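Undergrad: There's a structure below that I have some questions on.
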Amino acid sequence: MLPGRSLRTAFAVAAACTLLPTTAAATTACANPTGRPWCDRSQDADTRARLLTRALTTGEKLTLLGGYRSGDYAGAIAPIPRLGVPVAYVDGSSIGVGQPVSADGRIGGKNRATQMPSPTALAATFDPELARLAGATVGDEARKKGNTGLLGPAADIMRVPYGGRTFESFGEDPHLSGQMAAAWIQGAQAAGVFTSLKHYAVNNQEGRDPTQKLGTEAFPLGFGTQGSRYLYNAVVSERAMREIYLAPFETAIRDGRPGSVMCAYNRVNGPYACASRHLLAGVLRRDWGYDGLVMSDWIVGAHPWDVLAHFRNGLDLEMPSPVAYSPALLRPLLQLGVLRTAQLDDHVRRILRATISAGILDDPAGPSDESAIDIEGHNAVSRAVAEAGVVLLRNTGVLPLQAGAAPRIAVLGPAARRSASGGGSGSVRPFRTVPVATALAAHPGAGAVTVETTRDRARAASVARAADVAVVVVRDYETEGADRLCLTLRCPPTYGDQDALIDAVAAAQPNTVVVVQSGGPVLMPWRDRVAAVVQGWYPGQAGGTAIARVLFGDVEPSGRLPVTFPVREADLPTAGSARRYPGTAAQTVHYEEGVLVGYRWFDARGIAPAYPFGFGLSYTSFAYADLRVAEDGVTFAVRNTGARRGAAVPQLYVGLPPIGSATVQPPWQLRGAEKVWLDPGEQREITLPLTDRDLSSWDGGWKRATGCVRVAVGASSRDLPLRGTLGACG
Ligand code: BGC
């Protein structure tokens, strides 16, 4: 169900974007196909890649393996000039495509692009169709900016909410992450680029920089030294990997079929991810049957001393330039027979297969052409995702704001006039930005709007007192390269003590609404002292408009949390243990909590979160009834019991019995969810499927439960009114 006209328009735009021209331009490698069997378009990309590989010299093959001069782009795959195959550029992330770097060459300077909401916001929509649309939008922009490949999505599980790249992935749950990543990939690849599913695998922290000199908005890339992403070794059980960390990749590969996978910087149980026989040759290629391109993460993802392992275990492409895969190193190893030419051919075939599937032979991406981008259509998609991802966490009745009453609004906080986003390769210089203050001031339902960005609490309180409603806008700052040092809104100190500001305003104004723009969970010690809390994530370039529309009820809040918001840091599974996080002095991180990640930990330990996974309020209410459980799925009814139209997000969880050596079982694990728009009084019957895998644990292989499986359906991981069982329950 599409909630509005703008979104329907955006769908039409995305559909149009996905149509690739069918005629080859005169300049393409296949303009004259005579004697070039790889130009036969009736063959699939793999066959064509095989044929082209056969026609290459060893020198040509070797240049393909190690990246190429990328100019303003993050990376490039070498051209084959003799055969007219052009260079293939790659860049971007699921937040947008920032390249080419701006002409002034500033550090972090990027040309403009549509800035999408953070993937945490996209995950909060619980709507794979929106993920597909977001992928189609970014994919289209990537192509129009001259890219063949798009460096996303990231499907890294949020293990610790400190993680500097929390905002770039889909949260803490493998089912939700896998669904969103798969749909995003499908959308993006239909727009004519190949995607790169990253960062494979167990890439869950950036590292701590106790000085926090970098990783600020002034220098938007950090360098964490404790538990550094470039060095740490994740010591993690095979079961936790398969069930938690690898599961989203498995789903995304099976259902999304990404053209490439990017292996991570870190080590996993010893070897570096890009050299890991187990992860690459074992899990990815053998178990999942993935025969696509594997590229390294940038600059230090591959290492010369690991060249044999990289080459033999399945790393096809070193990015962005050849070091481990320099021809000077590879050529003698091939000549001596240390490395096999058949494997060289495999690497080349997989590289070409990815670029051929994205049109490099028939319809290569042209030079970057910003004028070809449908800036308005893409803005509409960005706004639609932001609106659907806003999560209403608390509401004593102040929301929605009454447009008819033209309330006087005080918009407060140092972040009120700024839009919020994260740093590093997931940053984008947006075409435009609409901060919350600007959007509220422009809203037709607002009375007098006073914006006060002071940190002075007394001054903010007095402005709040003179209004009917105070909206305090707060934010954090996450960036690639460095983890957050704490989870409060006093950390980092860029915006002052935002917690104290909220308390001062709430003491002066009973109608205080807090709008949080953060990449992931933050602590909210003031949550019971304010009238409403709205979680907006990093909401993208139209974020202020989206949030203002939710506050006024033009848009029903329909987001649900893809992450647990803890009450205190001491409640996290890594609390008090440097071994667990950020790791030992020897850069070893022990994943001792096993499969008890995110809500699985809170449920198993009986710890009450501030706001649980899956939670989010509406301006209406819903009731669940009539659960019927079968081997292949559950059916139930959901009804809108309130007076407004709204979206329920029923969620299906299972509680598995011990299975073989998998004796520790999370009390509940998400296995399905659906966003359902309902009119007042409307009831709908919903069926959510269950597969054998959903009822299985990893015990040296996937083993299906033979005992009693508990089944529950409800509105969040902590609100599960419908209960049933499956199997031998005595
Ligand atoms: C990041 C990748 C990114 C690459 C190119 C690396 O630092 O880890 O996620 O795709 O840079 O921008």
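The values are calculated or read from the model by the stated rules, or taken from the named source; none is laboratory data. It should be emphasised that the depicted structure is a prediction, and the values quoted were computed from it without experimental measurement. Cβ placement follows ideal geometry from the backbone for every residue including glycine, while neighbour counts extend to all protein chains displayed. Just the protein is used for accessible areas: all its heavy atoms, side chains included, with ligands, DNA and RNA removed. Shrake-Rupley method; radii C 1.70, N 1.55, O 1.52, S 1.80 Å.
Undergrad: I'd like the full set of residues that are among the aliphatic types (A, V, I, L, M), without any contact (Cβ under 8 Å) to a residue 60 or more places away in the chain and open to solvent by 10 Å² or more (accessible area, probe 1.4 Å), limited to region 406-441.
TA: Result: Ala406, Ala441.
Undergrad: Report those strands (runs of 3 or more DSSP E) wholly inside region 576-685 carrying at least 3 residues which are within 26 Å of the chain's Cα centre (by Cα).
TA: Strands (runs of 3 or more DSSP E) meeting the threshold: 588-590, 646-648, 651-655, 669-673.
Undergrad: Being crowded, with 23+ Cβ neighbours inside 10 Å, of a type in the set (Val, Ile, Thr) and under 14 Å from Val261 (Cβ atoms) is true for just one of Val294, Val283, Val348. Which residue is that?
TA: After ruling out the rest, the residue left standing is Val294.
Undergrad: I need every pair where a residue in region 309-321 that is more than 16 Å from Lys61 (Cα to Cα) has its Cβ under 6 Å from the Cβ of a residue that is of a type outside the set (Ser, Thr, Tyr) and open to solvent by 10 Å² or more (accessible area, probe 1.4 Å), sequence separation at least 6 or different chains.
TA: As it stands, the answer is Asn313/Arg277; Asn313/Ala281; Pro320/Trp298, since those pairs meet every condition given.
Undergrad: Here is a list: Val307, Val300. Which entry is within 16 Å of the ligand (Cβ to nearest atom) and either buried (at least 16 other Cβ atoms within 10 Å of the Cβ) or within 28 Å of the chain's Cα centre (by Cα) (or both)?
TA: Val300
Undergrad: In the set Ala705, Ala630, Ala643, which member is buried (at least 20 other Cβ atoms within 10 Å of the Cβ) and among the hydrophobic types (A, V, I, L, M, F, W, C)?
TA: Ala705
Undergrad: When region 376-398 is examined, which residues are found to be among the small types (Gly, Ala, Ser), out of contact with any Phe, Trp or Tyr (no Cβ under 7 Å at 6 or more places or on another chain) and open to solvent by less than 30 Å² (accessible area, probe 1.4 Å)?
TA: Once the filter is applied, which keeps residues that are among the small types (Gly, Ala, Ser), out of contact with any Phe, Trp or Tyr (no Cβ under 7 Å at 6 or more places or on another chain) and open to solvent by less than 30 Å² (accessible area, probe 1.4 Å), region 376-398 yields Gly377, Ala380, Ser382, Ala384, Ala386, Ala388.
Undergrad: Of the conditions (1) within 25 Å of the chain's Cα centre (by Cα); (2) crowded, with 19+ Cβ neighbours inside 10 Å, Arg693 clears all except one; give me its number.
TA: Condition (2) is where Arg693 drops out.
Undergrad: With the requirement that a residue be within 16 Å of the ligand (Cβ to nearest atom) and more than 20 Å from Ser228 (Cα to Cα), what does region 277-297 give you?
TA: Hits for region 277-297 are Leu293, Val294, Met295.
Undergrad: If we keep just the residues of region 134-158 that are more than 15 Å from Ser425 (Cβ to Cβ) and open to solvent by 10 Å² or more (accessible area, probe 1.4 Å), which is nearest to the chain's Cα centre (by Cα)?
TA: Among those residues, the one meeting the criterion is Met158.
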